[in-house]
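Okay, structure first, notes after.
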Amino acid sequence: MIGPGEAAADELETAEELGRLIAEAGAALVCGGRGGVMEAACRGARSAGGLTVGILPGRDRREANPYVEVAIPTGLGEARNALVVRSADAVVAVGGAYGTLSEIAFALRAGTPVVGIRTWELSRGGQPDSGVVRADSAAEAARAALDLARK
């Protein structure tokens with residue numbers, strides 16, 4: 001689960017529902033462990049009894065949002081974005097700023113499937129790039145990510 005630390009209300013709602021659905025499916029939720037959509041997704045996952053893992057940019061576990069069960073401090077700053085997506089079998093992006101864009105790029109480069117809800121649209125040479133699977137809802141994104149992760 002990736003997305004901005006500062007998010008709009010609709011993004012937070014979507015992320016929380018997505019976290020809950022991921023947990024209900026029996027999958028662990030891995031994210032950057034901080035606020036915004038990361039916190040909302042963790043809150044949703046924990047509400048359903050799911051495991052949440054936060055891969056933090058700093059060295060202090062206390063930086064994690066209160067819904068992270070396993071906090072992994074890295075001291076790597078934004079370079080931890082590569083660890084977040086490499087730890088996942090599939091990535092779901094909700095919204096996003098440039099950090100999210102870097103995570104999408106790392107995931108696609110690594111061959112990790114990416115599902116997006118209201119996130120970056122990619123193109124190459126002016127032509128749409130199909131690397132990000134589009135979803136219109138948390139339920140659709142969860143289904144797609146879980147299906148792609150199983151492949």
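Taken together, the values in this text are just the output of simple stated rules run on the coordinates, not laboratory data. It should be emphasised that the depicted structure is a prediction, and the values quoted were computed from it without experimental measurement. With ideal geometry, Cβ positions are generated from the backbone for all residues, glycine too; neighbour counts draw on all protein chains shown.
A cut-off under 10 angstrom between Cβ atoms defines the neighbours of Pro113, and their net charge, with Lys, Arg +1 and Asp, Glu -1, is -1.
Sorting the segments 133-140, 27-34, 52-59, 73-80 by their mean number of nearby beta carbons within 10 angstrom, highest to lowest, gives 27-34, 52-59, 133-140, 73-80. Between Ala9 and Glu140, the simple label model (points 7 Å from Cα in the Cβ direction) yields a spacing of 2.3 nm.
For the pair Glu78 and Ala97, label points projected 7 Å from Cα toward Cβ lie 1.0 nm apart. For the peptides 120-126, 105-111, residues were scored by their other Cβ atoms within 10 Å and the scores averaged per peptide; the highest-first order is 105-111, 120-126.
Rounded to the nearest 0.05, the FRET efficiency derived from the C-beta distance between Ser130 and Ser87 at R0 = 35 Å is 0.90. A simple count of charges around Val68, restricted to other residues whose Cβ falls under 12 Å of its Cβ and scoring Lys, Arg +1 and Asp, Glu -1, yields +2.
For the stretch 1-66, relative contact order (Cα pairs under 8 Å, six or more residues apart, normalised by length) works out to 36 percent. For the stretch 66-116, the convex hull drawn through the C-alpha positions has a volume of 96 cubic angstrom per residue.
Report the rotationally averaged projected area of the chain based on its alpha-carbon convex hull, in square nanometres. Approximately 8.0 nm², given one-decimal rounding.
Based on DSSP H segments of at least four residues, each scored -39500 (n - 2.57), the chain has a per-residue ellipticity at 222 nm of -12500 deg cm²/dmol. Backbone geometry of the stretch 121-131 corresponds, through the Karplus equation with coefficients 6.51, -1.76 and 1.60 at θ = phi - 60°, to 3J(HN,Hα) couplings of 10, 9, 8, 10, x, x, 9, x, 9, 8, x Hz, x marking Gly and Pro. Packing order of peptides 7-18, 86-97, 60-71, highest average first: 86-97, 7-18, 60-71 (average count of other Cβ atoms within 10 Å over each peptide's residues).
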